[in-house]
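Written below as structure tokens is the structure these notes are about.
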Amino acid sequence: MRILNPRHFIAKITQTLQKGGVVLMPFDTSYGLACDAKNKKAVEKIYQIKQRSLNKPLSVVMRDLKMIEKYAKITKEQKKILKEKLPGLFTFIVELKKDHPVMRTIDNNNLQKKTIAVRLPDFQLTKKISQNFAYPYTATSANLSSQPNCYSIKAVLEQIKNKKNLLDLIIDFGELPHKKPSTIIDLTGNQEKIIRK
């Protein structure tokens with residue numbers, strides 16, 4: 001585990017993701033955990049760190065709408081909604097393209113659902129990472145499951161304690177603004193369904 005100040009860190013984050021590592025870093029809402037969403041071992045480490053049930057899938061950051069369409073089935077109506085609201089503080093649940101490996105990694109126990117939760121944060125750090133990393137990466141808060149979101153590295157490390165050795169890289173932006181989590185909208189039905197506002 002290495003603590004890196006925010007200087008020349010984009011390349012380091014990208015390298016860590018490519019090698020299957022887990023990065024503790026700021027997102028648009030709070031500190032979160034990022035790894036290559038297609039790397040099963042890396043994703044399993046995040047579940048261990050968060051002590052999260054395996055039947056709760058993780059959302060992923062996409063580079064743009066084109067990447068979302070690569071991994072998910074998007075109708076014209078859904079595409080219009082995505083264009084209106086993204087990038088922004090939204091997570092959209094959409095239908096996954098059949099048998100895509102990202103599903104087997106992220107939602108291993110819920111293959112029958114065949115959905116994926118996608119994000120396009122309006123946040124410069126995640127945008128730059130997406131420009132440098134070829135695949136979707138996880139976008140889950142760094143707190144333990146059922147615990148409050150963390151807005152400082154200290155708060156994260158206090159929560160995860162014995163699991164901090166599973167982190168490969170820490171990006172410390174200091175205290176973050178206290179924001180609410182993203183709004184989750186399910187687009188897989190006949191109409192939009194707000195899961196979390």
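Antiparallel as a % of all DSSP beta bridges within the chain, to the nearest 5?
On the way: 19 of 30 bridges.
Around 65 percent of the beta bridges assigned by DSSP in the chain are antiparallel ones.
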Query raised in the report: Between the range 71-92 and the range 139-170, how many Å separate their Cα centres?
Result: 29 Å
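Say the cut-off is 21 Å between C-alpha atoms; which of 56/154; 12/179; 70/127 go over it? All intermediate terms of the calculation are to be shown ahead of the outcome.
Working: 56/154 26 Å; 12/179 26 Å; 70/127 18 Å.
Too far apart for the 21 Å limit: 56/154; 12/179.
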Report task. Towards the positive end of the charge dipole of the chain, with charges on Cβ (+1 Lys, Arg; -1 Asp, Glu), say which of 190, 88, 173 has the farthest Cα. Result -> 190
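Checking the a/c ratio against 1.5 first, then a/b against b/c, what shape does the Cα gyration tensor give for the range 1-95? All intermediate terms of the calculation are to be shown ahead of the outcome.
Values: a/c = 2.04, a/b = 1.54, b/c = 1.32.
Taking the square roots of the gyration eigenvalues as a ≥ b ≥ c, the range 1-95 is prolate.
For the range 2-196, what is the charge dipole size about the Cα centre, in debye to the nearest 20, if Lys and Arg each add +1 at the Cβ and Asp and Glu each add -1 at the Cβ?
340 debye
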Requested in this report: Scan (1) 15.7, 47; (2) 18.2, 61; (3) 17.5, 53 for the value of Rg and Dmax of the Cα atoms in Å calculated from this model and give just the label.
Outcome: (1)
Query raised in the report: Between residue 132 and residue 51, what length in nm is gained on full extension when 0.36 nm per residue of separation is reduced by their alpha carbon distance?
Result: 26.2 nm
Requested in this report: Calculate the spin-label point distance for residue 12 paired with residue 173, positioning each point 7 Å from the Cα along the beta-carbon direction, and give it in nanometres.
Outcome: 1.6 nm
Query raised in the report: Considering only 147, 65, 121, whose Cα is most displaced toward the positive end of the charge dipole of the range 2-196, charges sitting on Cβ of Lys, Arg (+1) and Asp, Glu (-1)?
Result: 65
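No lab work stands behind these numbers, since they all come straight from the coordinates. Just so we're clear, the structure is a prediction, and the values are computed from it rather than from any experiment. We place every Cβ from the backbone using ideal geometry, glycine too, and count neighbours over all the protein chains shown.
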